[in-house]
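To start, the structure under review is shown below, and the notes come after it.
Just so it is clear, none of the values below were taken in a lab; they were calculated from the coordinates. Because the structure is a prediction, the values reported are computed rather than measured. With ideal geometry, Cβ positions are generated from the backbone for all residues, glycine too; neighbour counts draw on all protein chains shown.
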Amino acid sequence: MKIYNTLTRRKEELVPQDPKKLTMYVCGPTVYNLIHIGNARPMIVFDTFRRYLEYKGYEVNYVSNFTDVDDKIINKAKEEGVPSEVISTRYIEECKKDMEGMNIRPATTHPLATQEIDGMIEMISQLIEKGYAYAVEDGTVYFRVRKFPEYGKLSHKNLDDLESGHRKEKEAIKVSGEETKEDPFDFVLWKPKKEGEPYWESPWCEGRPGWHIECSVMARKYLGDEIDIHAGGEDLIFPHHENEIAQSEAANGVQFSKYWMHNAFLNIDGEKMSKSKGNFFTVRDISQHYDLQVLRFFMLSAHYRSPLNFSDELMESAKNGLDRIVNTAENLDYILNNSTGRSETFLPDEDQDFGSEYVKKFEEPMDDDCNTADAIAAVFELVRAINSAVNESSSFQFIALAKDRLQVLCEILGIKTERKKEVLDSDIEALIEERQAARKAKNFARADEIRDMLASMDIILEDTREGVKWHRK
Ligand code: AMP
Ligand code: ZN
């Protein structure tokens, strides 16, 4: 199997350290809000890659963190007047609900940055001891970038090129009060608390970690000093992943990750979708209009390294494509239950091979840098072949084989072949509105009927002072 390695800028044969096991770290979201569909792209594509690795026989140790201490979380907490833990806990839960809707399997471990502070203090101490980091007067600790000669190897930048761009930054640093840095390239490992912020004791000051050190420490703790694959969105290449490499390799003395995979951006109207630009949809927004399986299928319809533009037309075409697959799977179930075909103890030779050519056509692109777009094309070919080969007089074994072929490929893509019985968020909200109207009109019988109807769909209503809230059981 080949994957594109950002580090070497080439497609390379994937050779994990252990021929049977594979370690993979994927940078997770900062939890201060509902995740947007851009955040969902790395979750979906790397979950699919993990599923494919498992299909190929690897035991995958898959770690993905939640960044639960950050300026954005602190600001949101101030806005709401609650501790920042309330914000991070709330949005981790919400994120997990979205992940479930998109059929993203939970990672082997989902570490939280705030639970790993001891490890961060330990790594920072090691870096100081080895001369790769230094603490300044106010207790801030910086990484000494020039001490790490390979800095820039992932983003293929060199310090001299960066230097000119940094002239302006040097000026800015004077203004921002970061003039205690030895060098403008140096980045923060630990910073002093500000009034009202969460903090931890450390040898340098009461404070909190920088973002980059968190991932280096969580990867080391759960996967070891040397990992096979590190992944995330392409915006993380510089500085986040570059800095992770500098920290981990300086502290551990070995290569941090052998392969680096980066997904391209999800755009909207040709522009990067991002919270700061305000041009985003949350996964929750999409769940009002579509089953989230459609969102997953849409994401996989492009190669993960190609930019993907979000549009209604593409979502509609993903919906239709997914329907074709689900219809075929449902039809197979129907025929299986109603088949008049003889139950043979074995399949004739010519039938045993049915579908294997499409499995091969699926594996080939997946083996070539996880090309899900071409793999999906093979699934459609299989669907067509099934539709013309299977009918009510086919034998049970043949129908079951066809179903199994389809099922296996869909499972790799994380696509459920059963039609979702669950109601959409928009349907639930319409029912809640109707219940409110019924209550207003004192039609309590109808209001209770709606409550019971929702309860039977595992939707729990709570009447709060701020209005009606609902959640799935
Ligand atoms: P953040 O919460 O901003 O740290 O992002 C979490 C993950 O989502 C990172 O891997 C980002 O690279 C990725 N990401 C953020 N926005 C987009 C986007 N528009 N398209 C694809 N990936 C994104
Ligand atoms: Zn990270």
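Helix 242-252 and the long axis of the chain differ in direction by around 70°, with both axes built from C-alpha atoms.
Give me the net charge for the shell around L159: Cβ to Cβ below 10 angstrom, other residues only, Lys and Arg +1, Asp and Glu -1. Each step should come with its number before you reach the end.
On the way: positive: R146, K157; negative: D160, D161, E163, D183.
Around L159, the surrounding residues sum to -2.
With the Cα gyration tensor of segment 222-263 giving a ≥ b ≥ c as the square roots of its eigenvalues, does the rule (a/c under 1.5 for rounded; else a/b larger than b/c for prolate; else oblate) give rounded, prolate or oblate?
oblate
Does the chain come out rounded, prolate or oblate, given a ≥ b ≥ c as the square roots of the eigenvalues of its C-alpha gyration tensor, rounded meaning a/c under 1.5 and, failing that, prolate meaning a/b above b/c?
Details: a/c = 2.45, a/b = 1.40, b/c = 1.75.
It is oblate, given that a/c is not under 1.5 and a/b is not larger than b/c.
With 18 Å as the limit on Cα-Cα distance, the pairs of K157/K181; K194/K277; K130/K258; K78/K193; K360/K403 that go past it are K157/K181; K194/K277; K130/K258. Note on E433/E129: beta-carbon distance plugged into 1/(1 + (r/R0)^6) with R0 of 41 Å gives a FRET efficiency of 0.10. Net charge dipole, segment 1-120: roughly 700 debye, given to the nearest 20, about the Cα centre with Cβ charges of +1 for Lys and Arg and -1 for Asp and Glu.
Counted residue by residue at 0.36 nm each, then reduced by the alpha carbon distance between them, the extension gain from K2 to N320 reaches 111.4 nm.
Is the shape of segment 23-83 best called rounded, prolate or oblate, per the rule: a/c under 1.5 gives rounded, else a/b larger than b/c gives prolate, else oblate, with a ≥ b ≥ c the square roots of the Cα gyration tensor eigenvalues? It comes out prolate by the Cα gyration axes. Applying 1/(1 + (r/R0)^6) with r as the Cβ-Cβ distance of K153 and T108 and R0 = 22 angstrom yields a FRET efficiency of 0.20. Relative to the longest principal axis of the Cα atoms of the chain, the long axis of helix 444-456 lies at roughly 80 degrees. Taking the chain as the reference, fit the longest principal axis to its C-alpha atoms, fit the long axis of helix 159-176 to the helix C-alpha atoms, and give the angle between the two in degrees, 0 to 90, nearest 10. Roughly 70 degrees between the two axes.
Suppose only helical runs count, i.e. DSSP H with n ≥ 4. What mean residue ellipticity at 222 nm does that imply for the chain under -39500 (n - 2.57) per run, divided by all residues and rounded to the nearest 500 deg cm²/dmol? Provide the component values of the computation, followed by the final result.
Numbers: 16 runs with 226 residues, N = 473.
Per the formula, -15500 deg cm²/dmol.
Packing around the peptides 398-408, 242-252, 441-451, 316-326, taken as the average count of other Cβ atoms within 10 Å per residue, puts them in this order, highest first: 242-252, 398-408, 316-326, 441-451. So, counting K/R as plus one and D/E as minus one, what does the shell of residues with Cβ under 15 Å around D235 add up to? Charge balance in the 15 Å sphere: +2.
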